[in-house]
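Have a look at the structure below, then the notes.
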Amino acid sequence: MGKDQHTDWDVLIKGLWRENPVFVAVLGMCPTLAVTNTAINSLAMAAATFFVLFFSSLLVSLLRKVIAKQVRITTYIVIIATFVSLVDMLLAALVPDIHKELGAFIALIVVNCLILGRQEAFAAKNKVGAALMDAIGMGLGFAIALLMIGVVREILGNGSLFDIPIFGTSFEPWIIMILPPGGFFTLGFLLLLFNAVALRRTKANAVTS
Amino acid sequence: MAQELLWIFISALLINNFTLAYFLGICPFLGVSNKVDTALRLGLANIFVMIITALAAWALNTYVLIYAPYLRLISFIIVIASTVQFVEMAIKKWSPELFRALGIFLPLITTNCAILGLALFATNKGYGLLEGIVYALGAGGGVTLALILMAGIREESRILDIPDAVKGTALSLIVAGILSMAFMGFAGMFSAA
């Protein structure tokens, strides 16, 4: 039992950093870049993706013995699309302002390769408990990445964080950061940072061993 | 009417470029586009699938979804994927030449966010059949343009001395950012006219 828990924990942790869906696997690019112009939008997108990922993994894992191999991808897509439709209507009812701002990108969660990828690579082959742990880990990893990008873009592009101004009036916002190019730049530089850290680590390991 | 259609085309092609302004179809943009030739063929396949998608979306919107709007997302994705499969089989049978040029890309493209994005945006904007097809042409052309530009830059950058940390996706993203900035300039094109 103790060993099981340890591996479950491992499954959860790997999504946060070592196999982070955005920074390491570079999956789910379009929502990552399109809606992360403010921290609040990032959070909403991350929450919606988390919801879809969690319930799709639950259902796929439960049905893994029933789904025929030949039609599995189609089945996953139908399951995912169902939950996305749900989340779309939920957001429209609960937070109409944010729903309006995210627009068609909520519906585009369907084609986020992160979600389909986790169904195929993990949920379809593992027990419900492990599949949920994987979904939580990957969902949180995605959320962390989205929030990192959103925070950088909002601070630089708007001079605020969660709509609260953090600089005085003397700050001239870098408008470009909340426009499309800012998304490319921010993710590009964050990836650069990740690579640089990873490279230094491998070099340090090589020297010590 | 003609002016309106031209406006839809130019807007989708340059100003609201699917790849550089909406971030749709980023995966092939960052992953596949290493050679100009491959990029061109991928782009053409994209235009092709987009036109089929526009037709399918229009048909669904007009005949089916007025009765059940909540099924939009599910029916879009299933109908588009299966239509493309059928068309792929048809091409394979009737024109092996064309199949060799586009074939391997067709199933890949179907699951691309640009395709579903096209169907959704066209629906949100309330485009009819003709407008939808023009929109698909513009959007597909825009994706092709972005793919070719990116592939060209990548071909050239292979002979550059690039620091290890920047190599790969990080570099592509920063290049894409600069391209995206350049495309922002097109936004001023029509406001003056």
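The values are calculated or read from the model by the stated rules, or taken from the named source; none is laboratory data. Note that this is a predicted model, so its numbers are computed, not measured. Reconstructed Cβ throughout: ideal geometry from the backbone, glycine too, with neighbour counts over all protein chains shown.
Numerical summary
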item: Looking only at region B:74-94, and only at residues there that are without any contact (Cβ under 8 Å) to a residue 12 or more places away in the chain and within 14 Å of another protein chain (Cβ to nearest Cβ), the one that is surrounded by the most Cβ atoms within 10 Å (Cβ to Cβ); result: B:Ile74
item: Residues being assigned to a helix (DSSP H, G or I) and either more than 7 Å from chain B (Cβ to nearest Cβ) or surrounded by fewer than 11 Cβ atoms within 10 Å (Cβ to Cβ) (or both) - total across region A:177-209; result: 19
item: Some residue of region B:159-170 being touching a residue at least 40 places away in the same chain (Cβ under 8 Å) and part of a helix (DSSP H, G or I); result: yes
item: Members of region B:35-82 that are in contact with a Leu (Cβ under 8 Å, 6 or more places away or on another chain), small (Gly, Ala, Ser) and under 24 Å from A:Ile109 (Cβ atoms); result: B:Ala54, B:Ala57, B:Ser75
item: Some residue of region B:135-151 being in a helix (DSSP H, G or I), among the aromatic types (Phe, Trp, Tyr) and loosely packed, with under 14 Cβ neighbours inside 10 Å; result: no
item: Number of positions in region B:141-184 that are among the small types (Gly, Ala, Ser), farther than 18 Å from A:Leu192 by Cβ and within 11 Å of chain A (Cβ to nearest Cβ); result: 1
item: Failed item, numbered, when A:Ala145 is tested on (1) at pLDDT 85 or above; (2) surrounded by fewer than 21 Cβ atoms within 10 Å (Cβ to Cβ); (3) within 14 Å of chain B (Cβ to nearest Cβ); result: (2)
item: Single match in A:Val26, A:Val60, A:Val52 (criterion: within 13 Å of chain B (Cβ to nearest Cβ) and either at pLDDT below 90 or farther than 17 Å from B:Leu120 by Cβ (or both)); result: A:Val26
item: Members of region A:125-162 that are in contact with a strand residue (DSSP E or B) (Cβ under 8 Å, 6 or more places away or on another chain) and among the aliphatic types (A, V, I, L, M); result: A:Val151, A:Ile155
item: Any hit, region A:15-34, residues being more than 30 Å from A:Thr186 (Cα to Cα) and of a type outside the set (D, E, K, R); result: no
item: Flag if A:Val152 is surrounded by fewer than 18 Cβ atoms within 10 Å (Cβ to Cβ), within 22 Å of the chain's Cα centre (by Cα) and at negative phi; result: no
item: Any hit, region A:42-61, residues being in contact with a Pro (Cβ under 6 Å, 6 or more places away or on another chain) and crowded, with 17+ Cβ neighbours inside 10 Å; result: yes
item: Search result, residues across region A:86-112 that are under 15 Å from A:Phe51 (Cα atoms), facing another protein chain (nearest Cβ under 9 Å) and surrounded by fewer than 20 Cβ atoms within 10 Å (Cβ to Cβ); result: A:Met89
item: Helices (runs of 4 or more DSSP H) contained entirely in region B:1-62, each with at least 2 residues that are more than 14 Å from chain A (Cβ to nearest Cβ) and touching a residue at least 40 places away in the same chain (Cβ under 8 Å); result: B:2-10, B:36-59
item: Some residue of region A:167-175 being of a type in the set (Val, Ile, Thr), assigned to a helix (DSSP H, G or I) and modelled with pLDDT under 85; result: yes
